[in-house]
Structures are given as structure tokens and as C-alpha cells.
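Engineer: Please read through the structure below; I'll follow up with questions.
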Amino acid sequence: MIVSTSRPYFAPCPGFFSRVCLSDVFVILDNVQFPRGTTWTTRNRFKNDQGTLWMTVPVWKKGLGLQKINDVRICHESPLQIKNLKSLKQAYANAPYFSEHVQFLHTIFSTGFDRLIDFNMAILRHLMLNIGADTEVRLLSELGMKARGKTLLIEICRYFNASSYLAQSAALKYLDPNLFKSAGIALSCLKSKPCVYPQLWGDFIPDLSAFDLLFNCGPKAREIVQRDALTE
């Protein structure tokens with residue numbers, strides 16, 4: 001049993017789904033602290049004729065102090081959500097498979113989700129469905145855990161009787177291998193190698209949102225995501 005975890009990122013990059021596909025259970029850390037600074041939970045990169053297109057989901061932060069991610073609310077007073085949809089349509093109108101996802105985009109940006117977690121999870125499940133990732137996804141808030149800090153990941157693994165925890169290579173420096181060894185849980189990592197595929201608008205830019213992969217490659221997305229998904 002392989003378990004992985006992640007914060008609920010906004011429209012994650014293809015590498016995120018490489019780790020999802022290699023896991024038996026993927027736990028979304030929805031009730032940990034929402035970062036104070038810039039965060040991938042509210043922003044990500046796409047691509048247009050100018051190169052990198054940054055997109056941000058507007059949320060309420062001012063005067064609210066520390067928030068858990070699943071308490072963060074989307075700010076519908078901002079015009080950004082309408083602008084985001086317009087930007088995607090302009091950037092990807094000529095992408096081979098964009099038309100297959102445009103109705104979902106209209107729905108997701110016009111539904112008026114109150115919580116950021118619900119918005120991000122709807123996008124995550126759409127991306128998983130179309131990439132063909134059938135991994136079980138659970139929210140940390142549903143597991144009834146009180147553990148925090150260094151012991152949280154160990155307790156998550158124990159909850160699912162996992163034999164292995166799969167981390168991003170960039171996260172290894174924050175993890176204590178001795179804790180996993182003491183718990184009898186193997187610690188492995190996903191080699192960080194960007195998925196390469198055909199894109200619009202000139203030179204290839206790695207690690208964009210997985211929407212870019214789907215819009216350009218459609219049903220080949222799963223093969224591309226899994227092609228370079230290696231662990232060590």
C-alpha cells in the first residue's frame with residue numbers, strides 16, 4: 001500500500017498526477033494552515049502568446065489571521081474569476097482538445113463556489129478523470145486525526161496500513177527518514193523530471209498546469225504522465 005499526500009493545489013502540474021498514479025491512496029491536506037504568502041493553492045501557470053500566463057484565484061485573507069485551507073473562501077467581489085475564464089479561452093482556443101473541456105471551465109468559473117477547497121477539488125477530480133487516474137483520494141479532515149507536525153504523515157500511513165510513503169523529491173529535505181524507519185514505513189520519492197509534450201506558442205515551458213497537457217494532448221495525457229513517473 002503506497003500513500004501520498006499534498007495540499008489542495010489549484011490546477012496542479014502533470015508531475016502532481018504522476019505521483020497520484022503511483023499511489024494507492026492520495027490524501028489531500030485540506031485542514032492544515034493556509035500559507036500567508038504566495039501559494040500554489042491559489043495560483044498556477046498556463047501559457048499564451050506572451051509565454052507564461054499566471055492565473056490566481058482571489059480569496060479572502062485580510063483581517064482573518066491564520067486560516068485552515070478548508071476555511072478559505074473565494075472572493076467573488078473580484079473580477080479575476082471572469083478574467084481567468086476569458087484568458088483561458090483566448091490562450092487555448094486553437095488547442096486540439098480545448099473544446100472538450102470548455103463547458104467544464106464555464107461551469108467551474110460560474111458556479112460560485114464559496115470555499116477554495118471545493119473549487120480546487122472539483123478541478124482536481126476533473127483532471128484525474130481525464131488523465132485516467134483512478135487512485136483513491138481522501139481529505140485529511142475526514143480522517144479524524146489530531147496529529148500535526150512531523151508525526152502527521154506517519155499517522156496517515158498508519159491509518160491506511162501503508163507500507164510506503166511516496167514524497168516529492170523537493171519535499172525530502174523536510175522529512176525525517178528516521179521517523180519513517182522507526183514506524184516500519186518505506187520512504188521513497190518521485191524523481192522530478194518534467195513531462196514533455198507538444199504545446200502551443202513556441203518553446204516548451206515545463207510544469208504548467210495539467211490543463212495545458214489536456215488541452216494539447218487529450219487522451220494521450222495519461223501515457224505522458226506515467227511515462228517518466230519513476231521512484232527512488
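Engineer: Output the residues belonging to region 187-203 that are small (Gly, Ala, Ser) and either surrounded by 14 or more Cβ atoms within 10 Å (Cβ to Cβ) or at pLDDT below 85 (or both).
Structural biologist: To start, the set of residues in region 187-203 that are small (Gly, Ala, Ser) comprises 188, 192, 202.
Hits for region 187-203 are SER188, SER192.
Engineer: Restricting attention to region 10-50, which residues are β-branched (Val, Ile, Thr) and either in a loop (DSSP other than H, G, I, E, B) or touching an Asp or Glu at 6+ places or on another chain (Cβ under 8 Å) (or both)? Reasoning before the result, please.
Structural biologist: The initial filter retains those residues of region 10-50 that are β-branched (Val, Ile, Thr), namely 20, 25, 27-28, 32, 38-39, 41-42.
Within region 10-50, VAL25, VAL32, THR38, THR39, THR41, THR42 meet the criteria.
One line per residue, one yes/no per condition, for (1) surrounded by 17 or more Cβ atoms within 10 Å (Cβ to Cβ); (2) in contact with a Phe, Trp or Tyr (Cβ under 6 Å, 6 or more places away or on another chain); (3) within 22 Å of TRP201 (Cα to Cα):
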| residue | (1), (2), (3) |
| --- | --- |
| ASN84 | yes, no, yes |
| TYR92 | yes, yes, yes |
| PHE104 | no, no, no |
| ASP114 | no, no, no |
| ALA122 | no, no, no |
| ARG125 | no, no, no |
| LEU152 | yes, no, no |
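Engineer: So which residues in region 178-207 are farther than 30 Å from ILE156 by Cβ and of a type in the set (A, V, I, L, M, F, W, C), if there are any at all? Write out each step before concluding.
Structural biologist: Residues of region 178-207 farther than 30 Å from ILE156 by Cβ: 196-205.
Across region 178-207, the qualifying residues are VAL196, LEU200, TRP201, PHE204, ILE205.
Engineer: A further question follows. How many residues, within region 113-171, are under 12 Å from SER4 (Cα atoms) and among the charged types (D, E, K, R)?
Structural biologist: 2
Engineer: Another question, then. Restricting attention to region 50-88, which residues are in contact with a helix residue (DSSP H, G or I) (Cβ under 7 Å, 6 or more places away or on another chain) and within 16 Å of SER209 (Cβ to Cβ)?
Structural biologist: Of everything in region 50-88, those that are in contact with a helix residue (DSSP H, G or I) (Cβ under 7 Å, 6 or more places away or on another chain) and within 16 Å of SER209 (Cβ to Cβ) turn out to be LEU53, MET55, THR56, VAL57, GLN81, ASN84, LEU85, LEU88.
Engineer: Somewhere in region 156-171, is a residue among the basic types (Lys, Arg) and within 22 Å of MET128 (Cβ to Cβ)? Steps first, answer last, please.
Structural biologist: Step one: list which residues in region 156-171 are among the basic types (Lys, Arg), which gives 158.
Okay, now just the ones that are also within 22 Å of MET128 (Cβ to Cβ), so none.
Checking region 156-171: not a single residue is among the basic types (Lys, Arg) and within 22 Å of MET128 (Cβ to Cβ).
Engineer: Could you tell me whether any residue of region 173-181 is under 19 Å from THR151 (Cα atoms), at pLDDT 90 or above and touching an Asp or Glu at 6+ places or on another chain (Cβ under 8 Å)? Steps first, please.
Structural biologist: The first filter runs over region 173-181 and keeps only residues under 19 Å from THR151 (Cα atoms), leaving 173-181.
Those left that are additionally at pLDDT 90 or above: 175-181.
Those left that are additionally touching an Asp or Glu at 6+ places or on another chain (Cβ under 8 Å): none.
No, region 173-181 contains no residue that is under 19 Å from THR151 (Cα atoms), at pLDDT 90 or above and touching an Asp or Glu at 6+ places or on another chain (Cβ under 8 Å).
Engineer: Within region 173-190, count every residue that is part of a loop (DSSP other than H, G, I, E, B) and either within 30 Å of PHE98 (Cβ to Cβ) or hydrophobic (A, V, I, L, M, F, W, C) (or both). Break it down stepwise before answering.
Structural biologist: Taking region 173-190 as the starting set, the residues that turn out to be part of a loop (DSSP other than H, G, I, E, B) are 175-176, 184-185.
Of the ones still in play, those that are also either within 30 Å of PHE98 (Cβ to Cβ) or hydrophobic (A, V, I, L, M, F, W, C) (or both) are 175, 185.
So the count comes out to 2.
Engineer: Quick check on my filter: what residues within region 51-63 are modelled with pLDDT under 95 and either more than 18 Å from PHE119 (Cα to Cα) or assigned to a strand (DSSP E or B) (or both)?
Structural biologist: LYS62, GLY63
Engineer: Search region 208-232 for residues being assigned to a loop (DSSP other than H, G, I, E, B) and at pLDDT 95 or above, and hand back the single one that is surrounded by the most Cβ atoms within 10 Å (Cβ to Cβ). Can you show your working first?
Structural biologist: First, pick out the residues of region 208-232 that are assigned to a loop (DSSP other than H, G, I, E, B): 208-209, 228-230, 232.
Within this subset, residues satisfying the condition of being at pLDDT 95 or above are 208-209.
On the way: LEU208: 22, SER209: 24.
Ranking the qualifying residues of region 208-232, first place goes to SER209.
The values are calculated or read from the model by the stated rules, or taken from the named source; none is laboratory data. Model, not experiment: these values are computed from the prediction. We place every Cβ from the backbone using ideal geometry, glycine too, and count neighbours over all the protein chains shown.
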